[in-house]
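Peer 1: Just dropping this structure here.
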Amino acid sequence: MSRKNQTLGEFIIENQSSFKYTSGELSRLINSIRLAAKVVNHEVNKAGLVDIIGAVGDTNIQGEDQQKLDVYANEKFIQTLKNRNIVCGIASEEEDSFISINSQDENNQNKYVVLMDPLDGSSNIDVNVSVGTIFSVFRRVSPVGGPVTIDDFLQKGNKQVAAGYIVYGTSTMLVYTTGDGVNGFTLNPAIGTFYLSHPKMTFPKDGHIYSVNEGNYIHFPQGVKNYIKYCQMEEGDRPYTSRYIGSLVSDFHRNMIKGGIYLYPKSSKNSNGKLRLLYECNPMAFLAEQADGKASDGFTRIMDIEPTELHQRVPFICGSKNMVEKAEEFMRNA
Ligand code: AHG
Ligand code: MN
Ligand code: MN
């Protein structure tokens, strides 16, 4: 049984038997993500020291080139998963195509692939605002032992076995699901340990927050415009409060705790919106549904969309169930 204040390490061991497949491989994978999260957290926390330790493009005191944090995070997550020989393939926002791991090694019996957005909300880094990491895990569909194929990555979201995010905020949290609810762990930076601080997280059925980049308003479809006007109307428990950080992870995290809706619709500028199906929308949708929330593109459940390419974009509406359903109603009727 999970207890508050339990460490993430203890939690993983105690809950291993509740995973559908109990080889321990998925537990080791979550463990590696936990480790990489701590390394990236350390670097993110130093981001404000650019004047002291050097800006991107400079060489630091150890003679290492300073990197952009999204490149750094990408390397750390890939390195950690590779070194520990945990997965057979990785796809990342920062890599044009997927990476096959140890495809020559016949002893590689790894069954899982990971898809990730190593640093989400990266434009917030320079201004000391929260950023995150998002990950999604599938069982491969190609034969174990051989190289991974594109089909291992282009799976519908409803086939995910795990998904989660790390939010590097006022505290750093790792929030994830393996299909049995959503649990949140907070890092105690003094001793580098994650503790179960938010067991069984759920979206309130209704909320009072809407999160959307309203600067794009004139480019939105009529249904979205109508829904935004509905949020702003003086009626019943409305108007709702507008909150938009510009970091999906942080906006989602707040809305899950307080109740709210996040929208990144398509627009006359971006016909499929901006967010990526495979490593932004799918993992967030899995978390949302596991937390009693909902995620759709306005018409179709996100996790039922058939992916066609690695970096595909989709419109994204996600959050408290009743709010998402209301937005869908406006989309249908526009
Ligand atoms: P990334 O930093 O990985 O490119 O993602 C940024 C995403 C998402 O986190 C955020 O919600 C959205 O882009 C913000 O976009 P706008 O600036 O267009 O609102
Ligand atoms: Mn992102
Ligand atoms: Mn990113």
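The values are calculated or read from the model by the stated rules, or taken from the named source; none is laboratory data. Just so you know, these numbers come straight off a predicted model, no measurement behind them. Here Cβ is always computed from backbone atoms with ideal geometry, including for glycine, and neighbour counts include all displayed protein chains. Just so you know, the surface numbers come from the protein's heavy atoms only, side chains and all, with ligands and any DNA or RNA stripped out. Shrake-Rupley method; radii C 1.70, N 1.55, O 1.52, S 1.80 Å.
Peer 1: Note down the magnitude of the dipole of region 162-312 about its Cα centre, charges +1 on Lys and Arg C-beta and -1 on Asp and Glu C-beta and zero elsewhere, to the nearest 20 debye. Can you show the working numbers first?
Peer 2: Details: 14 positive and 14 negative charges, 63 e Å.
The dipole magnitude comes to about 300 debye.
Peer 1: If you don't mind, there's one more thing I want to ask. For region 224-290, what Kirkwood radius comes out of the mean inverse Cα-Cα distance, in Å?
Peer 2: Details: mean 1/r = 0.0743 Å⁻¹.
Evaluated on region 224-290, it is 13.5 Å.
Peer 1: Dimensions of region 70-147 along principal axes (Cα, Å, largest first)?
Peer 2: 47, 21, 19
Peer 1: Restricting things to alpha carbons, tell me how big region 8-198 is in terms of Rg and Dmax, in Å.
Peer 2: In order Rg, Dmax, the Cα atoms of region 8-198 give 17.0, 50 Å.
Peer 1: If I take R0 = 25 Å and measure r between the Cβ atoms of VAL127 and THR300 in this structure, what FRET efficiency does the formula 1/(1 + (r/R0)^6) give, to the nearest 0.05? The partial results should precede the final answer.
Peer 2: Values: r = 35 Å, r/R0 = 1.40.
The calculated FRET efficiency here is 0.10.
Peer 1: So if I place +1 on the C-beta of Lys and Arg and -1 on the C-beta of Asp and Glu, and nothing else carries charge, what would the dipole magnitude of region 8-198 be about its Cα centre? I want it in debye, nearest 20. Kindly include the intermediate steps, with their values, before the conclusion.
Peer 2: Values: 14 positive and 22 negative charges, 152 e Å.
It works out to roughly 740 debye.
Peer 1: Nearest 500 deg cm²/dmol is fine: what mean residue ellipticity at 222 nm does the chain get from its DSSP H runs of n ≥ 4 alone, each adding -39,500 (n - 2.57), divided by its residue count?
Peer 2: Values: 9 runs with 96 residues, N = 334.
It lands at -8500 deg cm²/dmol.
Peer 1: What Rg and what Dmax come out for region 136-266 when only alpha-carbon atoms are used, in angstroms?
Peer 2: 18.6, 60
Peer 1: Taking every DSSP beta bridge that has both residues in the chain, what percent is antiparallel when rounded to the nearest 5?
Peer 2: On the way: 45 of 55 bridges.
Here the share of antiparallel DSSP bridges comes out near 80 percent.
Peer 1: Over region 209-333, what percent of the accessible surface lies on carbon and sulfur atoms, probe 1.4 Å?
Peer 2: Values: 2170 of 5030 Å².
The C+S portion of the solvent-accessible surface of region 209-333 is 43 percent.
Peer 1: With charges set only on the Cβ (+1 for Lys and Arg, -1 for Asp and Glu), what does the dipole of region 236-334 come to about its Cα centre, in debye to the nearest 20? Show your work: numbers first, answer last.
Peer 2: Numbers: 14 positive and 12 negative charges, 81 e Å.
Result for region 236-334 is approximately 380 debye, rounded to the nearest 20.
Peer 1: Roughly how many nanometres apart are two label points built 7 Å out from the Cα toward the Cβ at SER142 and ARG84?
Peer 2: Going from the SER142 label point to the ARG84 one covers 2.4 nm.
Peer 1: Here is a follow-up. If the viscosity is 0.890 mPa s and the temperature 25 °C, what translational diffusion coefficient in µm²/s does Stokes-Einstein give for region 209-333 when Rh comes from Kirkwood over Cα pairs?
Peer 2: On the way: Rh = 14.3 Å.
Once the numbers are plugged in, D ends up at 172 µm²/s.
Peer 1: Here is a follow-up. Roughly what would the spin-label model give for LYS159 and SER17, points 7 Å off Cα along C-beta, in nm?
Peer 2: With each label point 7 Å from Cα toward Cβ, the separation is 3.1 nm.
Peer 1: Please find, in a Gaussian network model of the chain (springs between Cα atoms separated by less than 10 Å), the residue of ARG84, ARG140, ARG34 whose mean-square fluctuation is greatest.
Peer 2: Largest GNM mean-square fluctuation: ARG84.
Peer 1: Local charge sum around ILE245 (other residues, Cβ-Cβ under 10 Å, Lys/Arg +1, Asp/Glu -1)? Don't skip to the end; give the middle numbers.
Peer 2: Values: positive: ARG243, ARG254; negative: ASP251.
Result for the local shell: +1.
Peer 1: Using a probe radius of 1.4 Å on heavy atoms only, what accessible surface per residue do you get for the chain? Whole Å² is fine. All intermediate terms of the calculation are to be shown ahead of the outcome.
Peer 2: Numbers: 14890 Å² over 334 residues.
That works out to 45 Å² per residue.
Peer 1: Looking at the chain, I'd like the Rg to Rh ratio, where Rg is from alpha-carbon atoms and Rh is Kirkwood's inverse mean 1/r. Write down the numbers at each step before the final one.
Peer 2: Working: Rg = 19.8 Å, Rh = 20.4 Å.
In the chain, Rg relative to Rh is 0.97.
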